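Quick notes on the structure that follows.
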Amino acid sequence: MTGAGPITTSPNGPERGVRGRMRRWRDQLIALGWLVLVWNLLWGEFSWGNLLGGLLVAIAVLLFFPLPPVTFGGRLRLRGLLAFGVRFVVELIRASAHVARIAVQPGYIPRSAIIAARLRIPTDLNLALTAEALSLVPGTLIVEVDRDAGMLYVHVLDVHRPSDLDAAREQVRVLERRIIAAVGSTAEVRRMRSGPVDKESP
């Protein structure tokens, strides 16, 4: 009877296991941070109570309602993050003032529409971040997300002409560019600069 040959293991096996665990922990921490941020944005102010409450809610969500694994393959860019934050606050103020004007204008009935906007980087993370950021802006609301097509269906307020629909789609694309510039990978940033823009019908 012949003996079995020696069992060999890849020298990179333990290292890959450690890297995999570190990557999962990193992704969980990133998800935790985003959930806490969204919780505070929904409350409208940053306070110790909201931070603690958001942390508890985020931990509960990640423990009891685990989301599908979303790998973060990008890199954080301080300049892009600052630019995104400043422009997002400006957009919030502008949109809030616009919605407030509509609310107090006597006899004015705004027209609304639902547009389809295809993202240039249709990853799960980019879909989630772009949809969440759009939902936080007054006057826009995510109606549906088509994950396979990388499409967002957005309800927009106060549209009068076809050019308003085009402007709303461009707003989605601009927001996506800012998000990719802040947290996207080098390949995604390059693709945003050089890739073709799809046209959707109203």
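Here is a yes/no grid of residues against (1) farther than 21 Å from residue 86 by Cα; (2) assigned to a helix (DSSP H, G or I); (3) assigned by TED's automatic domain parsing to the domain that holds residue 177; (4) in contact (Cβ under 8 Å) with a residue 12 or more places away in the chain:
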residue: 106; (1), (2), (3), (4): yes, no, yes, no
residue: 110; (1), (2), (3), (4): yes, no, yes, yes
residue: 116; (1), (2), (3), (4): yes, no, yes, yes
residue: 121; (1), (2), (3), (4): yes, no, yes, yes
residue: 126; (1), (2), (3), (4): no, yes, yes, yes
residue: 129; (1), (2), (3), (4): no, yes, yes, yes
residue: 132; (1), (2), (3), (4): no, yes, yes, yes
residue: 142; (1), (2), (3), (4): yes, no, yes, yes
residue: 154; (1), (2), (3), (4): yes, no, yes, yes
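Being within 25 Å of residue 188 (Cβ to Cβ), among the charged types (D, E, K, R) and at pLDDT below 85 is the filter here; which residues of the range 31-88 pass it?
Correct list: 75 only.
Could you please let me know if residue 188 is within 24 Å of residue 39 (Cβ to Cβ) and not in a loop (DSSP other than H, G, I, E, B)?
It is false that residue 188 is within 24 Å of residue 39 (Cβ to Cβ) and not in a loop (DSSP other than H, G, I, E, B).
Residue pairs, Cβ under 9 Å, 6 or more apart or interchain, first in the range 15-29 and within 19 Å of residue 74 (Cα to Cα), second at pLDDT below 70 and of a type in the set (S, T, N, Q). List them.
23/71; 27/71
Quick one: in the range 147-187, which of the residues that are over 30 Å from residue 105 (Cα atoms) and touching a Pro at 6+ places or on another chain (Cβ under 9 Å) is surrounded by the fewest Cβ atoms within 10 Å (Cβ to Cβ)?
Within the range 147-187, the match that is surrounded by the fewest Cβ atoms within 10 Å (Cβ to Cβ) is 148.
Just need a number here: residues in the range 156-177 that are out of contact with any helix residue (DSSP H, G or I) (no Cβ under 9 Å at 6 or more places or on another chain) and assigned to a loop (DSSP other than H, G, I, E, B).
2
The values are calculated or read from the model by the stated rules, or taken from the named source; none is laboratory data. Predicted, not measured: the structure shown is a model, and the values here were computed from it. Ideal geometry is used to build each Cβ from the backbone, glycine not excepted, and the neighbour counts take in all protein chains shown.
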